Amino acid sequence: MGDLSGKVAIVTGASTPKGIGNAIAKRFARGGASVYLVADRTREQLEAAVTDCRALGAPESRHEYGLFDLGDEGAAEAMVAKALDLFGRVDVLVNNAGVRSYRRFGEFSRAEFNRVVAVNLAAPFFASQAVVPTMRAQGGGRIIHVASQMGTVAFDNRAVYGLTKAGLIYLTKAMAYELGEDNIIVNAISPGPTLTGPLIERMQKDPEHAQSRLAYVRLKRYGEPEEIAEIAYFLAATTATFLHGENIVVDGGYTTH
């Protein structure tokens, strides 16, 4: 596997200290990349994440952050434009930002539906469209969508969230089909239950529910954000580029049955 020295990566949803995006940004920094970390309304957390990346990264790399609400129309395109203004190129785009809305089916409002779709599906779609011309001009690039196990299996109260993640998995295939001839490699990662902020909060509020879900994980433990980050780094840096258009499920064996 190669490294990311001299490469520039955008990572969305990168601010949460126990988040997957934060872990990916740090792993990319350790691998030599310059990283543009993006999140919404979390300036202090982003500043801390950038400080961590600068400490981990190579002396010649550069790490910056941007505040964008990717649910807003035009924000994804503006994010890419800002990254190009700062760094002059983009080699890797990681569409990780996501929001959740937990309700029984039949109780979702139109506003909730629109918000989840805007952040989880529309933003990756338009960020990817925005970065494609640059990647074509550079001779290629990597786009990684962070989908979810919930894009392939159903669970209670997650109809809209799962819908967007299933759409992201399809988008991965559609983009791979169209962009392969431009040497733009597109893949997805579908994490299972991972010890991020939302899961930790759910475990604290409802330990019984947390244990019942853990029963389906064949490794009998939850995943760590850093484990997902290693898969993202592999997809960004590997020379095995025949891996294209795939959705890699990382769930400790949850979906083996």
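The values are calculated or read from the model by the stated rules, or taken from the named source; none is laboratory data. All figures in this text were calculated on a predicted structure; none of them were measured in a lab. Note: ideal-geometry Cβ built from the backbone for every residue, glycine included; neighbour counts use all protein chains shown.
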I need every pair where a residue in region 224-239 that is without any contact (Cβ under 8 Å) to a residue 24 or more places away in the chain and part of a helix (DSSP H, G or I) has its Cβ under 9 Å from the Cβ of a residue that is buried (at least 19 other Cβ atoms within 10 Å of the Cβ) and among the polar types (S, T, N, Q), sequence separation at least 6 or different chains.
none
Against the conditions (1) modelled with pLDDT of 95 or more; (2) on the phi > 0 side of the Ramachandran plot, where does G106 fall short? Just the number, please.
(1)
Starting from region 199-210, take each residue that is within 17 Å of Q149 (Cα to Cα) and list its partners that are surrounded by 12 or more Cβ atoms within 10 Å (Cβ to Cβ) and among the aromatic types (F, W, Y), counting only C-beta distances under 9 angstrom and pairs at least six apart or across chains.
L199/Y222; A210/Y222
Is there a residue in region 84-97 that is touching a residue at least 24 places away in the same chain (Cβ under 8 Å), touching a strand residue (DSSP E or B) at 6+ places or on another chain (Cβ under 6 Å), surrounded by fewer than 21 Cβ atoms within 10 Å (Cβ to Cβ) and not aliphatic (A, V, I, L, M)?
yes
Taking region 45-55, which residues are within 20 Å of L84 (Cα to Cα) and either without any contact (Cβ under 8 Å) to a residue 12 or more places away in the chain or buried (at least 18 other Cβ atoms within 10 Å of the Cβ) (or both)?
L46, V50, C53
Among (1) small (G, A, S); (2) surrounded by 15 or more Cβ atoms within 10 Å (Cβ to Cβ); (3) modelled with pLDDT under 90, where does G141 come up short?
(3)
Suppose we filter region 196-223 for residues that are touching a strand residue (DSSP E or B) at 6+ places or on another chain (Cβ under 7 Å) and within 30 Å of K7 (Cα to Cα); how many remain?
1
Please specify each residue of region 32-44 satisfying the condition of being closer than 23 Å to I144 by Cα, surrounded by fewer than 24 Cβ atoms within 10 Å (Cβ to Cβ) and at pLDDT 95 or above.
G32
Here is a check on your reading of the model: is V217 in a loop (DSSP other than H, G, I, E, B) and β-branched (V, I, T)?
yes
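Residues of region 241-257 being among the small types (G, A, S) and either buried (at least 17 other Cβ atoms within 10 Å of the Cβ) or without any contact (Cβ under 8 Å) to a residue 24 or more places away in the chain (or both), which ones? Spell out how you get there, then give the answer.
So the first thing to find is which residues in region 241-257 are among the small types (G, A, S), and the list is 245, 252-253.
Answer for region 241-257, where residues must be among the small types (G, A, S) and either buried (at least 17 other Cβ atoms within 10 Å of the Cβ) or without any contact (Cβ under 8 Å) to a residue 24 or more places away in the chain (or both): just G252.
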Regarding region 150-165, can at least one residue be identified that is in contact (Cβ under 8 Å) with a residue 60 or more places away in the chain and either surrounded by fewer than 18 Cβ atoms within 10 Å (Cβ to Cβ) or assigned to a loop (DSSP other than H, G, I, E, B) (or both)?
yes
Considering each of S109, S101, S128 in turn, give the residue that is under 19 Å from D72 (Cβ atoms), over 14 Å from the mean Cα position of the chain (by Cα) and buried (at least 16 other Cβ atoms within 10 Å of the Cβ).
S101
